[in-house]
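Everything below concerns the one structure shown next.
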Amino acid sequence: MSLYRTMQTVCIGSSCLLLLAGCSSPTEQAVENAIENDTGENAEVNMDGDSMRIETDEGVFTTGQELPADWPSDVPAYPEAEVQFSAAMNGNTGDPGAGALFVTPDTVADVMGFYRTELEQNGWTISGNMEAAGTSFVGATKDNRVVSVAVTDVDGQTSITVGIGEQ
């Protein structure tokens, strides 16, 4: 079973446990047991405040309200935006990637302009732009990587979702 599928399965439940229970050894053990039962492999879970790190034989998955330490420098975070959620995976056999959800009071147009400009200035090739159902999208490629940015207005705040992965 891939690390990506395992983390996808466990992430929602364990994130809820993390938010509800805070940092506690029984909670960490419950998440470890769930992963080990699902995969048949050993797992090490560490929860600290609003972040979590899960390590298995297949790789590492982290989540929290700060950008991962290995967030690519050529994919900028929107200036002064608040990180609501982030996740990263560096799997030995799983699919590596990262994602983040930000909010800002700036307009959708300002945010989209920023990402189009910054991605191109950082060597990305814009591969598509689209607007659908009130959400603006931009996609770009660089080497063997892809990035997608989705931006929408939610109750007067602009929500920014950035996903980075391999082609």
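Against the conditions (1) buried (at least 20 other Cβ atoms within 10 Å of the Cβ); (2) assigned to a loop (DSSP other than H, G, I, E, B), MET52 satisfies every one except (2). Scanning the range 107-120 for residues that are under 21 Å from the mean Cα position of the chain (by Cα) and not hydroxyl-bearing (Ser, Thr, Tyr) yields VAL108, VAL111, MET112, PHE114, ARG116, GLU118, LEU119.
Out of curiosity, is VAL45 buried (at least 20 other Cβ atoms within 10 Å of the Cβ), assigned by TED's automatic domain parsing to the domain that holds ASP110 and in contact with a helix residue (DSSP H, G or I) (Cβ under 9 Å, 6 or more places away or on another chain)? So VAL45 does not fit the description; no.
Filtered by the rule that a residue be assigned to a strand (DSSP E or B) and surrounded by fewer than 19 Cβ atoms within 10 Å (Cβ to Cβ), the range 61-86 gives GLU82, VAL83, GLN84, PHE85. Screening the range 121-167 for residues that are assigned to a loop (DSSP other than H, G, I, E, B) and not hydrophobic (A, V, I, L, M, F, W, C) and picking the one that is nearest to THR104 (Cα to Cα) gives GLY156.
The values are calculated or read from the model by the stated rules, or taken from the named source; none is laboratory data. Everything numeric here is computed off the predicted structure, so don't read it as measured data. Note that we place each Cβ from the backbone using ideal geometry, even for glycine, and neighbour counts take in every protein chain shown.
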